[in-house]
Amino acid sequence: MGTSKPQGSFILCCLGRKAYWGSLELHHFPDASAVVRALAPDEPVILNRPHAAARAARFFVEKFPGKSLYAVKANPSPDLLKVLWDSGITHFDVASIAEVRIVRGALPDAELCFMHPVKTASAIAEAYKVHGVKTFSLDSQEELDKIIAATADDEGNPASDLRLCVRLRVSSEYSELSLASKFGIDLADAGPLLQATRQVSDWLGVCFHVGSQAMTPFAYVQALERVRVAIVDAAVTVDIIDVGGGFPSIYPGMEPPPLEDYFGAIHRAAESLPVSYSSELWCEPGRALCAEYNSMVVKVERRRGKELYINEGSYGALFDAAHIGWRFPVQLLNGDADGETEDFSFFGPTCDDMDFMEGPFALPANAGAGDYIEIGMLGAYGAAMRTKFNGFGAGMTVEVGDEPMASQYLGDRRDPRVSDNVVSLR
Ligand SMILES: Cc1ncc(COP(=O)(O)O)c(C=O)c1O
């Protein structure tokens with residue numbers, strides 16, 4: 001069932017070089033099948049869908065009742081950053097000085113917000129003094145002291161233009177990936193930190209993260225209730241409420257309610273908070289802005305029973321599939337689409353047993369060595385996770401024009417309200 005390599009390796013060589021040397025000039029194909037027909041690639045190929053990322057960005061810009069920052073960690077590709085910028089995203093949540101430099105290099109006029117609550121002093125100083133970053137998050141007095149010291153001028157005068165966001169610990173119980181244990185100050189301790197931060201901030205914010213892939217809008221309502229208590233207890237004026245990321249995408253077995261429901265619930269809950277009349281509402285989506293941006297073409301090298309040995313795995317874009325059992329949509333590109341399907345697991349290309357993605361991934365029953373598979377929805381925490389372990393991780397990137405395998409933004413979903421408040425039981 002394998003696809004024979006067309007027109008020799010000359011095309012592959014030229015296309016590969018072009019994509020490698022000039023990522024701004026990627027080759028364009030109609031879809032993944034056309035990529036396989038043209039290239040018969042021996043290495044994985046990342047497929048970019050700029051139109052899907054642009055649509056997601058416009059959706060947030062137009063419909064979120066406040067400002068939408070892009071959480072760069074989900075996918076720091078400069079090409080993607082430009083697509084988001086061109087679609088109206090002007091603010092970027094960065095988590096490291098490397099991300100600060102990437103965004104500043106790609107988008108000189110972007111507003112950067114350093115939202116990792118534990119930073120090095122040198123990263124804070126470079127971000128503030130070299131790259132003009134004014135917004136930082138923190139969840140401890142030590143971090144506040146560090147920010148004050150690192151942003152002071154040469155005479156030791158403190159900065160007067162800081163926008164500091166205190167990160168509150170909130171529940172991750174409605175999300176597929178918890179972010180509740182590492183960062184965030186407990187409500188019981190938040191008062192003194194909010195007051196101390198208010199003293200040195202031009203703008204004071206409160207931020208939180210409900211965990212990634214939040215499966216119900218109620219996650220935000222509950223978190224905002226905690227924000228209310230924190231503000232009342234501390235009796236401070238707050239200028240920014242930042243509801244973080246967590247906005248979901250669609251994956252097999254995970255069909256969340258429409259994003260409009262999240263926006264409506266957040267709007268209502270935020271409207272009733274005791275904040276300054278000119279306060280701003282922010283969000284920091286990562287996954288929701290880029291999940292649909294990438295898919296990947298992989299090749300099957302071997303079949304053993306229901307296990308397919310493919311050329312991408314747990315040290316690459318399938319990190320989440322391997323380590324937390326995340327399921328991604330798949331389709332056989334050169335096979336018999338109407339044939340009977342079976343559930344398969346995948347082994348990745350390295351020598352490790354743990355390079356294993358249990359799935360199940362439903363594919364035609366006769367899938368086997370030489371076949372190509374498209375794995376969808378890898379734009380968030382997928383394409384960005386690739387390593388060179390065992391010498392793998394190479395491969396080219398191309399653009400395709402078809403639609404992603406699932407979309408929050410296409411308007412052709414079944415009425416998702418039937419799944420309202422559903423939390424996956426995984
Ligand atoms: C501070 C912060 N903001 C935003 C995000 C993006 O989250 P998501 O991709 O779930 O939208 C993350 C993810 O870890 C984060 O740590």
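What to note about this one:
- Prolate/oblate/rounded call for segment 79-217, Cα gyration tensor, a/c under 1.5 rounded: oblate
- Take every Cα pair under 8 Å whose residues are at least 6 apart in sequence, average their separation, divide by the length of segment 51-290, and the relative contact order is 20 percent.
- Share of carbon and sulfur in the accessible heavy-atom surface of segment 51-290 [1.4 Å probe, %]: 52
- Sparse-neighbourhood loop sites, chymotrypsin sites (Phe, Trp or Tyr not before Pro) in segment 326-373 - DSSP loop, at most 13 other Cβ within 10 angstrom: none
- Nearest-ten-degree value, helix 50-63 long axis tilted from longest Cα axis of the chain: 30
- Segment 51-290: C-alpha gyration tensor shape, a/c 1.5 cut-off, then a/b vs b/c: oblate
- For the chain, calculated [θ]222 nm from helices alone, where every DSSP H run of n ≥ 4 adds -39500 (n - 2.57): -9000 deg cm²/dmol
- Counting only alpha carbon atoms, the long axis of helix 259-271 and the longest principal axis of the chain meet at about 0°.
- DSSP loop GluC sites (Glu not before Pro) with at most 16 other Cβ within 10 Å excluded, longest remaining stretch of the chain: 174-339
- Extension gain from residue 272 to residue 390, taking 0.36 nm per residue of separation minus the Cα-Cα distance: 37.1 nm
- Taking 25 Å as the straight-line reach from the Cα of residue 388, the lysines in range (excluding those fewer than 8 positions away in the same chain) are 18, 73, 299.
- Label-to-label distance, nm, for residues given as residue 141 and residue 118 (7 Å Cα→Cβ offset): 1.9
- Under 23 Å from the Cα of residue 67 - lysines, other chains or at least 8 residues apart: 82, 134
- The magnitude of the dipole of the chain, with charges of +1 and -1 set on the Cβ of Lys/Arg and Asp/Glu and taken from the Cα centre, is near 420 debye.
- Helix 218-234 axis versus longest C-alpha principal axis of the chain: approximately 20°, rounded to the nearest ten.
- For segment 283-311 versus segment 315-364, the spacing of their alpha-carbon centroids is 8 Å.
- Note that segment 51-290 presents 36 Å² accessible area per residue, ligands and nucleic acids not counted, probe 1.4 Å.
- Shown here for segment 235-320: chymotrypsin sites (Phe, Trp or Tyr not before Pro) in loop regions (DSSP other than H, G, I, E, B) with at most 13 other Cβ atoms within 10 Å, namely 277.
The values are calculated or read from the model by the stated rules, or taken from the named source; none is laboratory data. For clarity, every value in this text was computed on a predicted model and none was experimentally measured. Note that we place each Cβ from the backbone using ideal geometry, even for glycine, and neighbour counts take in every protein chain shown. Note: areas computed on protein heavy atoms with side chains; ligands, DNA, RNA excluded. Shrake-Rupley method; radii C 1.70, N 1.55, O 1.52, S 1.80 Å.
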